[in-house]
Amino acid sequence: MSLEVTLFLGLLDGVVFGLIMALIALGLSIAFGVMRIVNVAHGEFYMLGAVIAWYATTYLGNFILGLIIAPAAVTGLAAAVERTVLRKINYNPESTIVATIGLLYIIQQLVLAIYGPYAYNVEPPFYFRVDFPWFGYSGYKLSIAVVSLLIMGLTALFIFKTRLGLYMRATQQDREIAQAFGVPVGRVYMASFALGAALAAIAGVLVVPFLQAYYLMGLEALLISFMIVIIGGLGSLKGTLVAALIIGVIDGVVSVFFSPTLAKIVGSVLVAAVLLVKPTGLFGAER
């Protein structure tokens with residue numbers, strides 16, 4: 001395979017990977033931006049989406065059903081966690097980190113006990129190949145990249161064109177003033193946390209046909225999501241997308257030519273550089 005073909009393949013894989021990671025990171029960014037909390041268990045919502053999709057496809061025989069059940073179940077779980085745990089500790093940043101670390105281990109161990117330590121994937125809901133001049137590429141991968149973009153676009157419309165989205169943006173700017181003007185902050189927090197979890201779960205469902213679902217898969221997704229949020233800027237939709245594509249392309253190209261480990265190192269160095277030059281991220285506003 002020539003250098004040009006290898007580079008193009010790496011770029012293509014990187015874009016697909018970046019768009020999936022953007023979907024996960026967008027969920028983290030929404031909760032982080034509105035609630036000012038660090039959800040260490042965010043990657044486990046992604047993992048649950050993949051595992052539930054595997055169960056739905058394997059035992060119910062319907063991948064599309066998994067695409068409905070998994071986000072709904074994870075959204076309900078996230079809403080329950082917000083109501084019974086985060087609200088009780090008043091969203092204290094330090095306590096929230098400890099609480100979500102505990103949630104991470106609880107979810108991991110429950111999935112390990114029920115699902116097992118094995119890694120499984122499912123058959124894609126459809127097959128086709130996109131032929132480029134030099135090679136064929138999975139049509140399913142390209143399709144989920146488009147779906148990820150579509151979901152991010154719908155999320156942006158929700159945030160900027162609906163009343164609840166307006167409440168979320170107001171709460172992100174100043175919680176006390178928003179509350180003084182009648183914004184139901186408690187409801188906004190629950191919606192933000194649940195929406196973030198749902199986006200992660202959808203990403204988990206989309207990747208399970210080509211990435212195996214297993215109980216530790218959320219850890220890498222969490223790390224990459226934090227990298228994206230740091231580079232892109234807190235609460236920035238545009239920053240999340242751009243940063244995810246940067247990280248994805250780095251991962252795709254460096255992995256093809258060198259190794260996935262080196263790709264993670266390069267991404268970490270980029271995060272450190274952004275923090276040194278602009279701590280608020282490339283698209284973050286100075287506060």
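The values are calculated or read from the model by the stated rules, or taken from the named source; none is laboratory data. Keep in mind that what you see is a predicted model, and the values were worked out from it rather than measured. Don't worry about glycine lacking a Cβ; one is built from the backbone with ideal geometry, like all the others, and counts go over all protein chains shown.
What the table shows:
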| quantity | calculated |
| --- | --- |
| Per-region count, the stretch 127-158, residues at pLDDT below 90 and aliphatic (A, V, I, L, M) | 1 |
| Count - residues of the stretch 141-174 that are part of a helix (DSSP H, G or I), without any contact (Cβ under 8 Å) to a residue 40 or more places away in the chain and either of a type outside the set (Lys, Arg) or over 29 Å from Val205 (Cα atoms) (or both) | 14 |
| Answer residue from the stretch 256-287, given it is farther than 19 Å from Ala22 by Cα and of a type outside the set (A, V, I, L, M) and is modelled with the lowest pLDDT among those | Arg287 |
| Yes/no for Leu234 being out of contact with any helix residue (DSSP H, G or I) (no Cβ under 6 Å at 6 or more places or on another chain), hydrophobic (A, V, I, L, M, F, W, C) and under 28 Å from Arg169 (Cα atoms) | no |
| Pairs where the first residue, in the stretch 215-241, is in a helix (DSSP H, G or I) and the second is charged (D, E, K, R), C-beta under 7 Å, 6+ apart | Gly218/Glu44 |
| In the stretch 141-168, residue surrounded by the most Cβ atoms within 10 Å (Cβ to Cβ) [restricted to those that are more than 20 Å from the chain's Cα centre (by Cα) and of a type outside the set (A, V, I, L, M, F, W, C)] | Tyr167 |
| Number of positions in the stretch 65-91 that are over 21 Å from Ala53 (Cβ atoms), surrounded by 13 or more Cβ atoms within 10 Å (Cβ to Cβ) and free of Cβ contacts under 8 Å to residues at least 12 places away in the same chain | 1 |
| Residue in the stretch 50-69 that is outside any helix (DSSP H, G or I) and in contact with a Leu (Cβ under 8 Å, 6 or more places away or on another chain) present | no |
| Residue that is nearest to the chain's Cα centre (by Cα), among those in the stretch 108-140 that are in contact (Cβ under 8 Å) with a residue 60 or more places away in the chain and assigned to a helix (DSSP H, G or I) | Gln108 |
| Matching residues in the stretch 242-287 - criterion: being closer than 15 Å to Leu7 by Cα and part of a loop (DSSP other than H, G, I, E, B) | Phe258, Ser259 |
